[in-house]
Amino acid sequence: MERSNIVERSDDELSLKDIIKKFNEWKGLLISKWKLILYCCIIGGALGVTYAIVKKPVYTAQLSFALEDSKSGGGLSPYAGIASQFGLDLGGSGSGAFSGDNLMELMKSRSNIEKALLTSVKINNNEETLAEFYIDFNRFRDKWSGNTELSKIHFLPGADNSKFSLKQDSLLGEFCKALLLNNLTVDKADKKLSIINVTVRSKNELFSKYFTEVLVDKVSQFYIETKTKKSVQNVSILQHQTDSVKRELNAAINGVASSADVNPNANPNRAILRVPAQHRQVDVQINTAILTEFEKNLEIAKVSLRNETPLIQIIDTPILPLEKEKIGLFKASVLGFLFGFLIAVIALTIKEIIKGIIA
């Protein structure tokens, strides 16, 4: 038993000695090749400096907003019963599919990104779409010089996207994918808060700013149009019915006056002569009562619509000059130097391992 322990200890000591020996050999190899390693470090540092000079800066634009999410009818609910007598729904029953995280997904939807790209903005006193601007600053036309069909594609201001060619639709789809993958980020500042941050990073300062603002504006418009569609319809129906009753009331009032004019000195002994005027008077009273209710419901519906309309409250907007991300020359040279050293050490180590295997 004692003999086996002695053997194990001697094996451990032997392996440790081998490790130390190998380490010293490896250290000696690196010292003997110090010139080669230095050359690699200098080349790495030079490449790092070149990269820092050639690499374009990235500009970050961030816009934050708070979502107004009306989840109940609030003070309008007592009046809903009045409107329901006429088969009308005043809305205000929740935010449906457009609350919280779902609104964040709307920011990343292809349709809204395309709307933003096809929006015209003024750049250097010229009106052009963000899609055209995106093509220009990325120098895509230079890359498409060998493709005549692609190089002729343009996204002009005011163009009808329903008449776009298949190539134009495909190109917009590729732009959307690239923006989602490399440029656009939508997240919450805190999971417990309803504040949403929209961040765009690109190589062009104006594109980052404009695309962020336009995208939020387009999604806000879509949100308003979709979420208030039912309330807008209710207001339109009530307005139409109110106008109709008002016309009927005016006609009834005119009828009362006309009946009086036909028989200005009616014989009191002939009651039949007063019947037309009485019928008209009854119409006036009924239409007056109906008009009063319709006008009340119309005002309630308008208040409901106004309560739903302000959906996005902007907190912070991107302001020029934007935050710029660019690696410094000193940092790039140090990183390049270390990278060159690492490559040289790995190459020499692999060379020695291969030499040992062959031997």
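The values are calculated or read from the model by the stated rules, or taken from the named source; none is laboratory data. Just so you know, these numbers come straight off a predicted model, no measurement behind them. For neighbour counting, all protein chains shown are included, and Cβ atoms are generated from backbone atoms with ideal geometry for every residue, glycine included.
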*If Ile195 passes every condition in (1) of a type in the set (Val, Ile, Thr); (2) in contact with a strand residue (DSSP E or B) (Cβ under 7 Å, 6 or more places away or on another chain); (3) surrounded by fewer than 16 Cβ atoms within 10 Å (Cβ to Cβ); (4) over 15 Å from Gln62 (Cα atoms) but one, which one does it miss?*
(4)
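Of all residues being β-branched (Val, Ile, Thr) and surrounded by fewer than 11 Cβ atoms within 10 Å (Cβ to Cβ) in segment 302-359, which is farthest from the chain's Cα centre (by Cα)? Just the residue, please. It would help to see each step written out before you state the result.
Kept after step one, since they are β-branched (Val, Ile, Thr), are these residues of segment 302-359: 303, 309, 312, 314-315, 317, 319, 327, 334, 343, 345-346, 349-350, 353-354, 357-358.
Now drop any that are not surrounded by fewer than 11 Cβ atoms within 10 Å (Cβ to Cβ), which leaves 319, 346, 350, 353-354, 357-358.
Details: Ile319: 18, Ile346: 45, Ile350: 50, Ile353: 54, Ile354: 54, Ile357: 58, Ile358: 60 Å.
The selected residue is Ile358.
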*asked:* It is to be established whether one or more residues within segment 260-281 are more than 30 Å from Gln62 (Cβ to Cβ) and at pLDDT 70 or above.
replied: no
*Got a number for residues in segment 304-350 being in a loop (DSSP other than H, G, I, E, B), in contact with a strand residue (DSSP E or B) (Cβ under 9 Å, 6 or more places away or on another chain) and not hydrophobic (A, V, I, L, M, F, W, C)?*
4
*Can you tell me which residue in segment 44-65 is surrounded by the fewest Cβ atoms within 10 Å (Cβ to Cβ), limited to those that are in contact with a Ser or Thr (Cβ under 9 Å, 6 or more places away or on another chain), among the hydrophobic types (A, V, I, L, M, F, W, C) and at pLDDT below 85?*
Val49
*Please go through segment 122-157 and pick out each residue that is surrounded by fewer than 15 Cβ atoms within 10 Å (Cβ to Cβ) and closer than 21 Å to Val58 by Cβ.*
Asp136, Arg139, Asp142, Lys143
*asked:* Could you list, ordered by first residue, the pairs with Cβ atoms under 6 Å in which the first is in segment 146-165 and under 15 Å from Ala131 (Cβ atoms) and the second is at pLDDT 85 or above and β-branched (Val, Ile, Thr), at least 6 apart or interchain?
replied: Phe155/Thr129; Pro157/Thr129
*Restricting to helices (runs of 4 or more DSSP H) lying wholly in segment 80-194: which have 1 or more residues that are more than 20 Å from the chain's Cα centre (by Cα), at pLDDT 90 or above and not aromatic (Phe, Trp, Tyr)?*
130-137, 166-178
